Amino acid sequence: MKTSIFERFPQLKEIPSEKFPKHVLIIPDGNGRWAQINGTPTIIGHAKGYLVLKEVMENLQYMPIKIVTIWGFATDNWKRSKEEIGGLMKLFEKGLKELLPKLLKTNSRFIHLGRKDRIPEFLKETIERTEKLTQENDDKISCLAIDFGGQDQELRMMQEVHNLPKNIEVTLKVTEKIRDGKGIIPPADLIIRTSGEQRTSDLGWLAANSEFYSIKKLLPDASTNDFIEALIDYSKRERRFGGR
């Protein structure tokens with residue numbers, strides 16, 4: 001019989017539910033470097049990293065965390081080789097198809113963050129189908145950011161604001177509705193990045209007032225244990241939001 005995540009990590013039982021982040025954003029970094037070190041094609045590194053994330057996501061669903069976002073593909077990532085991009089897009093499709101039954105079973109919703117106009121049609125169709133089939137679910141939310149970047153998001157928002165009727169007053173509530181996530185997805189409480197790098201990259205509004213934790217391992221070498229340590233570390237912090 002499989003033991004629960006709380007049995008494997010008893011220290012989690014000591015954390016009050018309000019001390020868990022409500023929105024965890026993961027920057028899965030280091031797949032390419034792992035592949036280079038191990039002398040394998042880059043897509044093998046991505047595939048290994050995917051298996052780590054899959055396990056982590058399965059474990060996080062048992063915790064009082066409302067939203068988990070994976071930043072899978074940044075707007076800057078289009079600079080990579082066509083072979084790597086093509087492999088990633090197929091991996092995203094595979095991941096979504098494997099995720100859908102679990103979302104339906106757990107009454108969880110899927111939301112895509114980023115642009116849909118530049119990704120391959122087969123992936124766009126899978127994303128839209130997954131969003132549609134889970135749009136009424138309201139327990140938890142799984143987000144996948146593909147072709148997402150903070151600066152690109154700002155540009156797209158400015159274009160939409162420009163096209164609003166002149167009688168509409170532009171308020172924070174209005175801008176939230178035209179942002180990716182349509183006001184449903186707040187900034188991350190905790191950003192976890194693998195590979196040991198100490199940067200959030202171009203996350204824009206998603207990183208507003210977020211806490212940051214760096215796992216000093218390349219993603220394929222990381223495990224659920226590393227992400228649990230991030231949650232424990234977060235639970236000990238006092239968030240101030242500009243206060244002293």
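Name the residue, out of 147, 117, that is part of a loop (DSSP other than H, G, I, E, B), modelled with pLDDT of 95 or more, among the acidic types (Asp, Glu) and more than 17 Å from residue 50 (Cβ to Cβ). Answer to the check: 117. Looking for something hydroxyl-bearing (Ser, Thr, Tyr), assigned to a strand (DSSP E or B) and either under 24 Å from residue 131 (Cα atoms) or without any contact (Cβ under 8 Å) to a residue 40 or more places away in the chain (or both) - is there at least one such residue anywhere in the stretch 67-76? Yes, because at least one residue in the stretch 67-76 is hydroxyl-bearing (Ser, Thr, Tyr), assigned to a strand (DSSP E or B) and either under 24 Å from residue 131 (Cα atoms) or without any contact (Cβ under 8 Å) to a residue 40 or more places away in the chain (or both). Taking first residues from the stretch 7-18 that are in contact (Cβ under 8 Å) with a residue 24 or more places away in the chain and partners that are of a type in the set (Ser, Thr, Tyr), the Cβ contacts under 7 Å between residues at least 6 apart in sequence or on separate chains come to 15/235. Among residues of the stretch 196-222 being of a type in the set (Ser, Thr, Tyr) and touching a helix residue (DSSP H, G or I) at 6+ places or on another chain (Cβ under 7 Å), the one that is farthest from residue 148 (Cα to Cα) is 213. Sort through 134, 126 and tell me the only one that's in contact with a Ser or Thr (Cβ under 9 Å, 6 or more places away or on another chain) and within 23 Å of residue 92 (Cβ to Cβ). Testing whether each residue is in contact with a Ser or Thr (Cβ under 9 Å, 6 or more places away or on another chain) and within 23 Å of residue 92 (Cβ to Cβ) leaves just 134. Quick one: in the stretch 186-228, of everything that is aliphatic (A, V, I, L, M), part of a loop (DSSP other than H, G, I, E, B) and at pLDDT 95 or above, which residue is nearest to residue 23 (Cα to Cα)? Going through the qualifying residues, I end up with 188. Would you please name the residue that is surrounded by the most Cβ atoms within 10 Å (Cβ to Cβ), looking only at residues in the stretch 115-149 that are under 23 Å from residue 21 (Cβ atoms) and of a type in the set (Ser, Thr, Tyr)? If we take residues in the stretch 115-149 being under 23 Å from residue 21 (Cβ atoms) and of a type in the set (Ser, Thr, Tyr), then 142 is surrounded by the most Cβ atoms within 10 Å (Cβ to Cβ).
Scan the stretch 33-79 for residues that are of a type outside the set (A, V, I, L, M) and more than 20 Å from the chain's Cα centre (by Cα) and the total you get is 9.
Selection of the stretch 90-114 for residues being surrounded by fewer than 20 Cβ atoms within 10 Å (Cβ to Cβ), assigned to a helix (DSSP H, G or I) and either touching a strand residue (DSSP E or B) at 6+ places or on another chain (Cβ under 8 Å) or not aliphatic (A, V, I, L, M) (or both) yields 90, 93, 94, 95, 97, 98, 99, 100, 101, 102, 105.
Pairing residues of the stretch 224-244 that are surrounded by 10 or more Cβ atoms within 10 Å (Cβ to Cβ) with residues that are at pLDDT below 95 and aromatic (Phe, Trp, Tyr), at Cβ distances under 7 Å and at least 6 apart in sequence or on separate chains, gives 228/9. Residues of the stretch 169-182 include at least one that is buried (at least 16 other Cβ atoms within 10 Å of the Cβ), closer than 30 Å to residue 121 by Cα and touching a residue at least 40 places away in the same chain (Cβ under 8 Å). Candidates are the residues of the stretch 150-168 that are surrounded by 12 or more Cβ atoms within 10 Å (Cβ to Cβ) and closer than 15 Å to residue 208 by Cβ; the one that is nearest to the chain's Cα centre (by Cα) is 150.
Each residue in the stretch 1-32 was checked for being over 22 Å from residue 149 (Cβ atoms) and either more than 22 Å from the chain's Cα centre (by Cα) or in a helix (DSSP H, G or I) (or both), and 19 pass.
Here the condition is being aliphatic (A, V, I, L, M) and within 27 Å of residue 106 (Cβ to Cβ); of 172, 133, 164, it holds for 133 alone.
Condition check for residue 130 on (1) in a helix (DSSP H, G or I); (2) among the β-branched types (Val, Ile, Thr); (3) closer than 23 Å to residue 48 by Cα: one failure, at (3).
Going by the structure shown, is residue 185 within 27 Å of residue 239 (Cα to Cα), under 14 Å from the mean Cα position of the chain (by Cα) and of a type in the set (Val, Ile, Thr)? When the stated conditions are applied, residue 185 passes them.
The values are calculated or read from the model by the stated rules, or taken from the named source; none is laboratory data. Nothing here was measured: the structure is a model prediction, and the numbers come from that model. Here Cβ is always computed from backbone atoms with ideal geometry, including for glycine, and neighbour counts include all displayed protein chains.
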